[in-house]
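Bear in mind that the values in this text are calculations on the coordinates, not laboratory data. Just so it is clear, the structure is predicted and the values come from calculations on it, not from any experiment. Quick reminder, even Gly has a Cβ in these numbers, built from the backbone with ideal geometry, and neighbours come from all protein chains shown.
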Amino acid sequence: MKSYAAVDLGASSGRVMVGRAGPDTLELAEAHRFPNRPVRVPEGLRWDVLALYAGVLDGLRAAGSRCEGRIDSVGIDSWAVDYGLLDADGALLGNPVHYRDGRTEGVAEKVWTTVPAEELYAATGLQYAPFNTLYQLTAARSTAQLAQARRVLLMPDLLAYWLTGEQGTELTNASTTQLIDPRTRDWARGVADRLGVDLGLFPPLRHPGDPAGVLRAEVLEETGLAGPVPVTAVASHDTASAVAAVPAAGERFAYICTGTWSLAGLELTAPVLTEESRAANFTNELGLDGTVRYLRNIMGLWLLQECVRAWGDPDLGGLLREAAKVPALRSVVDAGDAAFLAPGRMPERIAQACRASGQPVPGSPAETTRCILDSLALAHRRAVADAQRLAGHPVDVVHIVGGGTRNALLCQLTADACGLPVVAGPTEAAALGNVLVQARAHGTAGDLAGMRELLVRTQPLTRYAPRGGTARWRAAEARLADR
Ligand code: ADP
Ligand code: LRH
């Protein structure tokens, strides 16, 4: 059996996991977890990328010590859209900008005066989100940093470059830039030319499973690993890795990747580029093996994370137990609303949204938590229903993966709201998808269906049956639509 290190960087924490995979085995153990704390400096909200890199090195050292210094390969995935700029010497120019930074406000509208939103969607299949890389690069257009930049490296590609000295742009993550055509799975050159984006700044595309260099000698020394250690390109968008690790059988399933975000949708074989789909803000991101991740971004547990931070970090388990006792569906907010994107004052912003829509204003933390979880379940219901209708792809089951699987109340409410059985798990789906793609590249895992069979056989899963009461969810949905 081989050992793989999966570096998985989420918006709230980074982790380095050790995966062991064989024909009938898939084991995952956490070697190291570290917080991912963005920092607000005078110029805006930035990722602390050096702290993240230090966490990766600590994690690789910890991973090595679990495997007598012998790791067969390393793979890296992270959140999407963000990037670092390198100068002509290959040095990083400034700290990567956080996708919640305000610099992209109003930028999309300007872009659409050159390439109308309808055309942009038809060419790239990407939903509107203010932080798509295209809008970030446009917002940066007149900055000294971009003028000096010779390279754009997406976050996982930047870390891989620091580990190996080699550069590439991994495709699944590139598909979140709004600069990729989901039909050709190549750069959308026409769009880039019209908008003055220099695609030459990106290194060549690479695909999950491609070799991505070997750990540099200094990295081996610092981590105590025995070389050579290859780095393998995985589905480097965390959501792509997580979807690859959805333990589904067949095609009739929806998935919800729950963590800081909820990414809810379907796995398809071709993109849906209709005007109706654009209006419903569904995205066509690229997945493993020619698949399309047809999904909607929902604010996710970010809403709760920000409240918990505002309340001084009370115990989450206790809060969820109290929230379970609060009557259901008293007030709901639109968990897809970009108004919740920026950090800060989240309990007040949720209260304000309830007040503005004439609903009871949640008072206690338990009531606010209940409002968030009801709202998320409602947004899950809408996304799962809309995706099926827009793609003409019916489902029988909803799979929930990611940190939200630890929130039993959210899983049950999602089953109730969707009126479908929910299968929850694995929690560390992105890391498992990362490991499985490495294992396949190194000869110990099968195709996507085979990977999923292995997950079903090896991973603990929890099932939630819908408890009825769909009419109440339908009514809450209508209530929200009326406001
Ligand atoms: P990301 O990858 O975006 O950083 P995760 O997938 O790690 O996010 O999920 C983080 C979320 O998981 C937290 O915001 C929290 O709401 C939820 N979570 C983590 N641990 C627990 C727990 N013990 N009980 C309930 N929810 C939890
Ligand atoms: C989740 C995620 C999501 C993106 C967002 C920026 O971690 O990758 O798929 O839309 O971060």
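About the Cα centre, and with charges only on the beta carbon of Lys, Arg (+1) and Asp, Glu (-1), how big is the dipole of region 2-236? Nearest 20 debye, please. Write out the running numbers ahead of the final one.
Numbers: 22 positive and 29 negative charges, 42 e Å.
For this selection, approximately 200 debye.
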May I ask for the distance between the Cα centers of region 24-65 and region 402-475, given as a whole number of Å? 24
Using per-residue counts of other Cβ atoms within 10 Å, averaged over each peptide, order 263-276, 357-370, 427-440, 280-293 from highest down. 427-440, 280-293, 263-276, 357-370
Percent RCO, i.e. relative contact order, over the chain, from Cα pairs under 8 Å lying at least 6 residues apart: 17
Ranked list, fewest to most other Cβ atoms within 10 Å of each Cβ, for 237, 442: 442, 237
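Exposure proxy check: 65, 73, 236, 175 ranked by fewest other beta carbons within 10 Å?
Working: 65 14, 73 24, 236 32, 175 27.
Sorted ascending by nearby Cβ count, the order is 65, 73, 175, 236.
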List 207, 399 from most exposed to least, where exposure is judged by having the fewest other Cβ atoms within 10 Å. 207, 399
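Using only the Cα atoms of the chain, what semi-axes does the equivalent ellipsoid have when each is the square root of 5 times a gyration tensor eigenvalue? Give whole Å, largest first.
33, 27, 22
Could you work out [θ]222 nm for the chain from helices alone, using -39500 (n - 2.57) per DSSP H run of at least four and dividing by all its residues? Round to the nearest 500 deg cm²/dmol. Walk me through the intermediate numbers first.
Numbers: 19 runs with 190 residues, N = 483.
Taken over the chain, the calculation gives -11500 deg cm²/dmol.
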Cα-centred dipole magnitude for the chain, charges only on beta-carbon of K, R (+1) and D, E (-1), debye, nearest 20: 1160
Dividing the mean separation of Cα pairs under 8 Å (6+ apart) by the residue count of region 2-236 yields a relative contact order in percent of 21
Take every DSSP beta bridge whose two residues both sit in the chain, then give the antiparallel share in percent to the nearest 5. 75
